[in-house]
Amino acid sequence: MARISGVDLPKKKRVEYGLTYIYGIGLHASRRILDATNIDYNKRVYELTQEDVAAITNEIREKHMVEGDLRKKVAMDIKALMDLGSYRGLRHRRGLPCRGQKTKTNARTRKGKRKTVGAA
C-alpha cells in the first residue's frame, strides 16, 4: 500500500483516482502530477515502485499544498472573513450558507436539525 502525504492510497484503484484520496488533489491535479512524473494513468497503486512513490511525493511536496497545510489555510481564510465582519464571515459565524442559497426551505445541512418555534 502506497502512503503519500500521510494518506494510505487504496491498493486496487488506478493511480489517477487513488491520488484523489489526498485532500487538495482532484482528478485534474492528479493527472498533471502523473504527467510530470511520467507514470501511466492506468497503473494500479499496488504496482507502483518505491521510485514512483518517491517521484509522486516530491512532485506533490514541491508544487501542491495538501492535507494539514491546506486545511489550516482554509480555516485561517474563514477566520479572517469572520474577523473582518464581512457578509460571508457573518454567515460562517451563524452557521448559514455563504453562497447565496435560499434558507427558507433548504439548507438543513448547514442549519442542523429543525427547531420548532411557537408551537403550542
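None of the figures in this text is laboratory data; all of them are computed from the coordinates on show. Since we're looking at a predicted model, the values are computed, not measured.
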Options [x] 159; [y] 108; [z] 288 for volume of the Cα convex hull per residue in Å³; the value derived from the coordinates is listed as [x]
Hey, in the GNM for the chain with a 10 angstrom Cα cutoff, which one of N38, N58, N106 fluctuates hardest?
-> N106
Taking the chain as a Gaussian network, Cα atoms linked when under 10 Å apart, which of R94, R31, R44 shows the biggest mean-square fluctuation?
-> R94
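Given the Cα atoms of segment 3-67, and with Rh set as the inverse mean 1/r over their pairs in the Kirkwood sense, what is Rg to Rh to two decimals? Write down the numbers at each step before the final one.
Details: Rg = 10.1 Å, Rh = 11.4 Å.
Reported Rg/Rh (Cα atoms, Kirkwood Rh): 0.89.
Contact order normalised by length for the chain, with contacts defined as Cα pairs under 8 Å and 6 or more residues apart; what percent is it? Present the calculation step by step, with values, prior to reporting the outcome.
Numbers: 117 pairs, mean separation 21.7, N = 120.
The normalised contact order for the chain reaches 18 percent.
Averaging sequence separations of C-alpha pairs under 8 Å and six or more residues apart, then dividing by the length of segment 68-111, give the relative contact order as a whole percent. List each step's numbers first, then the result.
Numbers: 27 pairs, mean separation 9.7, N = 44.
Contact order relative to length: 22 percent.
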